[in-house]
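> Dropping the structure in here first, questions after.
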Amino acid sequence: MKITGVTIIRNALKNDYPIVEAIASILPVVDEMIVSIGDSEDETETLIRNISSDKIKIVYSTWDLRYRKGGEILAVETNKALEHVSVDTDWIFYIQGDEVIHEQYHANILSATQKYLQDPSVEGLLFNYLHFYGTYDYVGNSRKWYDVETRIIRNNIGIRSYRDAQGFRKANHQKIKVARIDAFVCHYGWVKDPAQMKAKQKNVAAFWNDDQALEKILKEEDFFDYSEFDSIKKFTGTHPAVMQSRIQRKNWEVRLDVRQNNLKWKYRLLNWIERCTGKRLFTFRNHVVVK
């Protein structure tokens, strides 16, 4: 069995992506790691080359901003990276530049890839998500945050990155068939110094907005207000080992009140149903759970 890791990255230093930690978090479970580096304005390539692993294969790409509507460019770049995966690969492990896998799940991941290797009814493996917000001490717990998504897909069956690269589909937008596994993705995209958070939002706004909307975003204040959330809770677990140095370097303080709840009544009802039944109703899915 062969597993190939895939990620895309552009301006990692400028936007403070934990890309080194993301890559390091899946290196133990992949046989090779394809890193597609976009045309960056910083030392992203040096950052990647300094990762000590012979599994890493660097490829290069120029991002075409004609595909910026709704973040489509992220799916375009992901699909370009997928083209570098060799035909003898069985599974593709896709990780985004702000996602990290806890080492406690490595055994579960390898077990699942082996378990479903000869089962064609399973086209992908579905991960749970933790979305950290503000600091490393809080996670979002409202329906604003997607709770699951596919991060391992079967190779050679026409699966492609979809929309803004959150998930995957097959031809004609066909949802992929997935198996749930006991593993979480730690998403750190909303954990930055408030000034860095706003700077990053402005830097990547061109991937999502037309010129008029972009101009308006660039005129916003240079400080992100983390207090404008709907619902969060304290995080009581542990972070991946590869994140410890980054967490220790944290040099900002954001105090958030977990008692704050700005959810509309219908979302409070849906959250209550989810807590009671474990089912999230009326939500967007890129997949069909078959196992």
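> Do you know which residues across segment 200-229 are surrounded by fewer than 17 Cβ atoms within 10 Å (Cβ to Cβ) and among the charged types (D, E, K, R)?
Lys202, Asp210, Asp211, Glu215, Lys216, Lys219, Glu220, Glu221, Asp222, Asp225, Glu228
> Considering only residues that are more than 16 Å from the chain's Cα centre (by Cα) and surrounded by 15 or more Cβ atoms within 10 Å (Cβ to Cβ), which ones fall in segment 64-81?
Tyr67, Arg68, Lys80, listed by residue number.
> Next question. Taking the conditions exactly as written (assigned to a loop (DSSP other than H, G, I, E, B) and at positive phi), does Asp42 satisfy them or not? Steps first, answer last, please.
Working: assigned to a loop (DSSP other than H, G, I, E, B): yes; at positive phi: no.
Against the criterion (assigned to a loop (DSSP other than H, G, I, E, B) and at positive phi), Asp42 does not qualify.
> All but one of (1) among the aliphatic types (A, V, I, L, M); (2) loosely packed, with under 15 Cβ neighbours inside 10 Å; (3) within 26 Å of Arg246 (Cα to Cα) hold for Ile37; which doesn't?
(2)
> Just to be sure, is Ser121 of a type in the set (Ser, Thr, Tyr), assigned to a loop (DSSP other than H, G, I, E, B), more than 13 Å from the chain's Cα centre (by Cα) and at pLDDT 95 or above?
Details: of a type in the set (Ser, Thr, Tyr): yes; assigned to a loop (DSSP other than H, G, I, E, B): yes; more than 13 Å from the chain's Cα centre (by Cα): yes; at pLDDT 95 or above: yes.
Considered against the rule, which asks whether it is of a type in the set (Ser, Thr, Tyr), assigned to a loop (DSSP other than H, G, I, E, B), more than 13 Å from the chain's Cα centre (by Cα) and at pLDDT 95 or above, Ser121 comes out as yes.
> If the requirement is being assigned to a strand (DSSP E or B), closer than 28 Å to His239 by Cβ and touching a residue at least 12 places away in the same chain (Cβ under 8 Å), which of these qualifies: Ile26, Ile109, Ile34, Ile48?
On the way: Ile26 fails: assigned to a strand (DSSP E or B); Ile109 fails: assigned to a strand (DSSP E or B); Ile48 fails: assigned to a strand (DSSP E or B).
Of Ile26, Ile109, Ile34, Ile48, the one residue that is assigned to a strand (DSSP E or B), closer than 28 Å to His239 by Cβ and touching a residue at least 12 places away in the same chain (Cβ under 8 Å) is Ile34.
Yes/no per residue for (1) free of Cβ contacts under 8 Å to residues at least 60 places away in the same chain; (2) over 18 Å from Asn128 (Cβ atoms); (3) among the aromatic types (Phe, Trp, Tyr):
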residue	(1), (2), (3)
Ala165	no, yes, no
Tyr188	no, no, yes
Pro194	no, yes, no
Glu221	yes, yes, no
Ser227	yes, yes, no
Asn251	yes, yes, no
Val254	no, yes, no
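> Please specify each residue of segment 146-171 satisfying the condition of being surrounded by 18 or more Cβ atoms within 10 Å (Cβ to Cβ) and closer than 15 Å to His187 by Cα.
Listed by number, the residues that qualify are Val148, Glu149, Thr150, Arg151, Ala165, Gly167.
> Turning to a different aspect of this structure: Whether any residue in segment 85-101 is modelled with pLDDT under 95 and over 17 Å from the mean Cα position of the chain (by Cα) is what I want to check. Please lay out each step first, then the result.
Taking segment 85-101 first, the residues modelled with pLDDT under 95 are none.
No, there is no match, as no residue in segment 85-101 is modelled with pLDDT under 95 and over 17 Å from the mean Cα position of the chain (by Cα).
> Still on this structure, please answer the following. In segment 39-59, which residue that is among the hydroxyl-bearing types (Ser, Thr, Tyr) and more than 20 Å from the chain's Cα centre (by Cα) is modelled with the lowest pLDDT?
Step one: filter segment 39-59 for residues among the hydroxyl-bearing types (Ser, Thr, Tyr), giving 40, 44, 46, 52-53.
Filter once more, so that each one left must be more than 20 Å from the chain's Cα centre (by Cα): 46, 52-53.
Working: Thr46: 97, Ser52: 93, Ser53: 96.
Among those residues, the one meeting the criterion is Ser52.
> Which condition from (1) assigned to a loop (DSSP other than H, G, I, E, B); (2) of a type in the set (D, E, K, R); (3) in contact with an Asp or Glu (Cβ under 9 Å, 6 or more places away or on another chain) is the one that Arg246 breaks?
(1)
> Which ones in segment 1-16 are small (Gly, Ala, Ser) and part of a strand (DSSP E or B)? Break it down into steps so the answer makes sense when it comes.
Taking segment 1-16 first, the residues small (Gly, Ala, Ser) are 5, 12.
Matches in segment 1-16: Gly5 only.
> Considering only residues that are part of a loop (DSSP other than H, G, I, E, B), modelled with pLDDT of 95 or more and either closer than 19 Å to Leu82 by Cβ or of a type in the set (A, V, I, L, M) (or both), which ones fall in segment 124-156?
Asn155
> Something else about it: Does Asn203 fit the bill of being of a type outside the set (A, V, I, L, M) and free of Cβ contacts under 8 Å to residues at least 24 places away in the same chain?
Working: of a type outside the set (A, V, I, L, M): yes; free of Cβ contacts under 8 Å to residues at least 24 places away in the same chain: no.
In short, no.
> Can you name every residue in segment 214-256 that is touching a strand residue (DSSP E or B) at 6+ places or on another chain (Cβ under 9 Å) and under 18 Å from Asn141 (Cβ atoms)?
Tyr226, Phe229, Asp230, Ser231, Ile232, Lys233, Lys234, Phe235, Gly237, His239, Val254, Leu256
> Take segment 40-63 and flag every residue that is surrounded by 15 or more Cβ atoms within 10 Å (Cβ to Cβ) and of a type in the set (Phe, Trp, Tyr).
Residue satisfying the conditions is Trp63 alone.
The values are calculated or read from the model by the stated rules, or taken from the named source; none is laboratory data. Just so it is clear, the model here is predicted, and its values are computed rather than measured. So basically every Cβ, Gly included, is an ideal-geometry build from the backbone, and we count neighbours across all protein chains shown.
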